[in-house]
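Peer 1: Dropping the structure in here first, questions after.
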Amino acid sequence: KNEVEQSPQNLTAQEGEFITINCSYSVGISALHWLQQHPGGGIVSLFMLSSGKKKHGRLIATINIQEKHSSLHITASHPRDSAVYICAVSRGGADGLTFGKGTHLIIQP
Amino acid sequence: DSGVTQTPKHLITATGQRVTLRCSPRSGDLSVYWYQQSLDQGLQFLIHYYNGEERAKGNILERFSAQQFPDLHSELNLSSLELGDSALYFCASSVASGGGGNIQYFGAGTRLSVL
């Protein structure tokens, strides 16, 4: 079983829909990261959170430490949101991130 | 633009060869992380350097090595290349060396094709 699980693996939605991507983890963490990877391959950090909720524009990330679960929400989705969204965790210490397998999101106009 | 520079963008080489991937971190960042992204394994942590010293190793093969120089740029050396080493290699930089978690800024990656 992977230490970081994401669902769904693939998601196709219509423009304007509310999108939710889920992430569960099975290890102790110091922080959880949401990353975005566009078809060109570049990776951008969207959020880093260790508790509660963060919002940036149309993106909202939440984390429940007790349940070891995080969600990424996109409101009023747009075709430019089409990308792979990756959940990753920092386990403390000097180790790098541990990644989920990503959610491939397509927003159709 | 993340401020992290990786060169080259693409690299095509043959099995058995050796290549060097280069990464310049964001100004002021002391940590450099190397990651490999392949179709079957996804993204995996390889190695972490902080201010010139190795801090942590992940799933890095013995054929691979890295170093961080006094100017903080880092190089990932891949030797005796195999077809399965074909992947996207990312470096990421952050200010500190982990602990409570730090935002990592990713370079655009080097796409390695081993033929």
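Peer 1: Return the residues of segment A:46-90 that are among the hydroxyl-bearing types (S, T, Y), part of a strand (DSSP E or B) and surrounded by fewer than 20 Cβ atoms within 10 Å (Cβ to Cβ); say none if nothing qualifies.
Peer 2: A:T62, A:S71
Peer 1: Just one of A:G16, A:G40 is in a loop (DSSP other than H, G, I, E, B) and at the interface with chain B (Cβ under 10 Å from one of its Cβ atoms); which is it?
Peer 2: Numbers: A:G16 fails: at the interface with chain B (Cβ under 10 Å from one of its Cβ atoms).
Every option except A:G40 fails the conditions.
Peer 1: A follow-up question, please. Just give me the residues in segment B:10-46 being closer than 17 Å to B:L72 by Cα, over 11 Å from the mean Cα position of the chain (by Cα) and part of a strand (DSSP E or B), in sequence order.
Peer 2: Result: B:S31, single match.
Peer 1: Of (1) hydrophobic (A, V, I, L, M, F, W, C); (2) within 14 Å of chain A (Cβ to nearest Cβ); (3) in contact (Cβ under 8 Å) with a residue 60 or more places away in the chain, B:W34 satisfies all except one. Which?
Peer 2: Of the numbered conditions (1) hydrophobic (A, V, I, L, M, F, W, C); (2) within 14 Å of chain A (Cβ to nearest Cβ); (3) in contact (Cβ under 8 Å) with a residue 60 or more places away in the chain, the odd one out for B:W34 is (3).
Peer 1: Does segment B:23-35 contain any residue that is surrounded by 15 or more Cβ atoms within 10 Å (Cβ to Cβ), within 17 Å of B:L88 (Cβ to Cβ) and out of contact with any Cys (no Cβ under 8 Å at 6 or more places or on another chain)? Break it down into steps so the answer makes sense when it comes.
Peer 2: Start the filter on segment B:23-35 by keeping residues that are surrounded by 15 or more Cβ atoms within 10 Å (Cβ to Cβ), which leaves B:23-26, B:29-35.
Filter again for within 17 Å of B:L88 (Cβ to Cβ), leaving B:23, B:32-35.
Keeping just the survivors that are out of contact with any Cys (no Cβ under 8 Å at 6 or more places or on another chain) gives none.
Checking segment B:23-35: not a single residue is surrounded by 15 or more Cβ atoms within 10 Å (Cβ to Cβ), within 17 Å of B:L88 (Cβ to Cβ) and out of contact with any Cys (no Cβ under 8 Å at 6 or more places or on another chain).
Peer 1: Out of all the residues in segment A:62-69, is one or more within 14 Å of chain B (Cβ to nearest Cβ) and without any contact (Cβ under 8 Å) to a residue 24 or more places away in the chain?
Peer 2: yes
Peer 1: Now for a different question. Quick one: in segment B:59-115, of everything that is within 13 Å of chain A (Cβ to nearest Cβ) and among the aromatic types (F, W, Y), which residue is surrounded by the most Cβ atoms within 10 Å (Cβ to Cβ)?
Peer 2: B:F90
Peer 1: Now for a different question. Would you pick out the residues in segment B:47-74 that are in contact with a Leu (Cβ under 7 Å, 6 or more places away or on another chain) and in a strand (DSSP E or B)?
Peer 2: Correct list: B:Y50, B:F64, B:A66.
Values quoted throughout were computed directly from the atomic coordinates according to the rules given, and no laboratory measurement underlies them. Note that the structure is predicted; figures quoted are calculated from it, not measured. Cβ coordinates were reconstructed from backbone atoms using ideal geometry, including for glycine residues, and neighbour counts include every protein chain displayed.
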